[in-house]
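Some notes on the structure that comes next.
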Amino acid sequence: MSGGTTALQREPTNKEIRLVIAASSAGTIFEWYDFFIYGTLAALIGAAFFPSDNETLEILLVWAGFAVGFGFRPLGAILFGFLGDRLGRKYTFLVTVTLMGVATAGVGLIPSAASIGIVAPIIVIGLRILQGLALGGEYGGAAIYVAEHAPPEKRGFYTSFIQASVAGGFVLSIIVVISCRAFIPADDFAAWGWRIPFLLSIVLLGISLWMRLKLSESPVFQAMKEAGETSANPFKESLTYPGNGRRIFVALFGITGILTTIWYTAFFSSLSFLRGPMRVDENVVEWMLLIAGSISMAFYLAVGKWSDRVGRKKPIIIGAALSLVLLFPVFWGIGALANPGLNASANAAPVVVTGEACEYDPFAEVQASSCGRVLQDLTALGIPYNIGVGGAQSVAIGSQPYGYGELGDSDRRATIQGWLEAQGYNFERQTPPLTSIVGIIGLLLVLGMLSALTYGSVAALLCEMFPAKIRYSSMSIPYHIGAGYLGGFLPLIAGYIVAMTGNAYSGLWYTIAVVAFGLLVAWWGIPDGPPKDFEEAHG
């Protein structure tokens with residue numbers, strides 16, 4: 001991957017390559033842990049920093065904060081991409097991992113909104129912005145650093161450790177939360193114990209810096225620097241380099257759009273789905289995601305290695321096509337195994353709400369109508385509903401109508417829950433039988449495989465798509481625009497769709513739409529055939 005440099009490059013030894021992969025992957029795990037711990041503890045963060053009488057609004061505000069961090073990833077990609085192409089790969093991602101660790105630990109130190117009011121969520125958003133900037137520089141740096149050390153015939157396999165490390169960050173966040181829950185009583189964990197996983201970032205930062213300081217600069221960057229071939233303005237050149245406009249478009253929609261929406265659907269949507277509308281016990285959910293996530297890490301390595309033989313395009317096309325076919329059936333299967341009683345109750349006693357101005361605004365602190373407030377309660381309870389025609393203020397549960405016109409705000413939700421329980425609905429936290437848990441883990445592994453197919457070879461592919469002197473900027477910008485907006489906003493958009501429709505599965509349509517468009521772009525734009533370095537494909 002010389003990008004046209006003529007300076008001689010010393011081939012890294014096997015020991016050096018192992019250190020490169022280990023240090024880059026460990027740093028990526030720690031940095032994504034920092035980012036994902038926010039999502040793993042979403043409910044507690046909502047209670048601490050975004051309290052609201054509207055529970056749906058509270059969790060949507062948490063996901064909005066999550067999305068803000070992702071929204072700043074493209075800016076981080078531009079900033080650190082510029083530094084990475086100008087100053088070097090190594091020192092740039094030393095800066096990114098430091099910024100991420102400090103910002104994450106800061107979340108654990110912020111007083112709650114009950115103590116300092118609106119200042120608390122403002123500080124949280126500010127730290128999320130810093131996290132987004134850091135993450136915008138991390139992935140490109142780690143991926144390029146490994147790719148530029150790897151022999152061409154093993155580039156997909158070696159860089160797949162970076163892809164697996166993203167899942168590793170999610171797994172680590174769950175391990176830490178499970179461990180904290182095991183040693184801290186539930187009430188104490190909800191009150192203050194949830195801060196410990198954030199503060200742990202300082203320890204992880206120290207380990208990551210220690211490992212990364214042992215690394216040398218990328219041999220490709222060293223050769224370019226010695227030959228005087230580094231870019232004067234990587235950002236500008238990324239937009240003006242011949243053919244880069246098309247490549248950036250493909251990288252944004254045909255690669256990143258697919259991988260990021262499938263990844264967040266596989267891990268975050270399944271987590272929210274099981275904890276929320278399926279009401280599965282939180283500890284059980286975390287253990288299932290831990291097992292599935294840990295096993296799924298091996299899938300990324302297998303796909304990366306496979307792509308070295310068959311090319312980068314085939315796994316992505318297969319994964320995207322299978323996702324369009326399997327996403328709904330897999331989630332239907334998870335729902336049927338996790339809480340079969342809910343499906344049975346919803347079929348036996350469907351809920352139909354009627355009334356004047358029967359509209360629900362998930363972002364409103366107080367709904368405009370009595371009917372809207374009933375819909376808010378049903379959404380918070382995770383109950384699917386339909387809106388009927390007519391002005392009578394009633395909730396029909398199966399064949400039994402209930403009038404809600406006289407209900408006050410203080411007892412409305414409890415009363416509605418009582419009506420639902422009288423018609424067979426069960427609101428207790430569920431612990432599925434072992435056979436169902438095994439089945440859910442199996443379906444989660446299907447989602448993990450879909451993610452691996454669309455993600456495992458991507459670091460190698462993006463590095464091969466762009467010239468070395470502007471590679472950090474050129475691959476980071478579309479990657480983080482796609483991951484930041486198409487993926488980072490997925491929990492917020494999907495949550496909004498579910499809240500508006502009353503259907504726990506309807507948020508999947510967002511993923512389907514993005515993947516369907518991305519599949520067309522990928523089919524058209526990703527290079528066919530065996531992997532090639534940029535200069536071989538475009539020289």
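The values are calculated or read from the model by the stated rules, or taken from the named source; none is laboratory data. Just so it is clear, the structure is predicted and the values come from calculations on it, not from any experiment. Heads up, the Cβs are rebuilt from the backbone with ideal geometry, glycines too, and the neighbour counts pull from every protein chain shown.
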Open item on the list: Taking the condition of being more than 29 Å from Gly311 (Cβ to Cβ) and not in a helix (DSSP H, G or I), how many residues in segment 411-461 meet it?
Closed with: 12
TODO: Name the residue, out of Ala43, Ala105, that is in a helix (DSSP H, G or I), within 21 Å of the chain's Cα centre (by Cα) and crowded, with 19+ Cβ neighbours inside 10 Å.
DONE: Ala105
TODO: Answer yes if at least one residue in segment 376-397 is closer than 27 Å to Leu508 by Cβ, among the polar types (S, T, N, Q) and assigned to a helix (DSSP H, G or I), and no otherwise.
DONE: yes
TODO: Please find, among Arg412, Arg429, Arg471, the residue that is buried (at least 24 other Cβ atoms within 10 Å of the Cβ) and of a type in the set (Lys, Arg).
DONE: Arg471
TODO: Quick one: in segment 367-402, of everything that is of a type in the set (Ser, Thr, Tyr) and in contact (Cβ under 8 Å) with a residue 60 or more places away in the chain, which residue is nearest to Ser52 (Cα to Cα)?
DONE: Thr379
TODO: Could you tell me which residue of segment 499-529 is surrounded by the most Cβ atoms within 10 Å (Cβ to Cβ), considering only residues that are at pLDDT below 85 and of a type in the set (A, V, I, L, M, F, W, C)?
DONE: Ala499
Open item on the list: Please determine whether any residue of segment 340-347 is surrounded by fewer than 22 Cβ atoms within 10 Å (Cβ to Cβ) and part of a strand (DSSP E or B).
Closed with: no
Task: Residue check, Ala364 over 23 Å from the mean Cα position of the chain (by Cα) and without any contact (Cβ under 8 Å) to a residue 12 or more places away in the chain - done: no
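Given the residues Asn339, Asn343, which is the only one that is farther than 20 Å from Met475 by Cα and without any contact (Cβ under 8 Å) to a residue 12 or more places away in the chain? Quick ask: steps written out before the conclusion?
Working: Asn339 fails: without any contact (Cβ under 8 Å) to a residue 12 or more places away in the chain.
Just a single option satisfies the conditions, and that option is Asn343.
Taking Ala114 as the residue in question, decide whether it is in contact (Cβ under 8 Å) with a residue 60 or more places away in the chain and surrounded by 20 or more Cβ atoms within 10 Å (Cβ to Cβ). Explain how you work it out, then say what you get.
Working: in contact (Cβ under 8 Å) with a residue 60 or more places away in the chain: yes; surrounded by 20 or more Cβ atoms within 10 Å (Cβ to Cβ): no.
No, not satisfied.
Please return the ranges of helices (runs of 4 or more DSSP H) entirely within segment 117-222 where 3 or more residues are among the β-branched types (Val, Ile, Thr) and either in the same structural domain as Gly482 (by TED's automatic domain parsing) or closer than 30 Å to Glu286 by Cβ (or both). Let's see the steps before the verdict.
Values: elements: 119-147, 155-183, 186-191, 196-199, 201-212.
Here the list reads 119-147, 155-183, 201-212.
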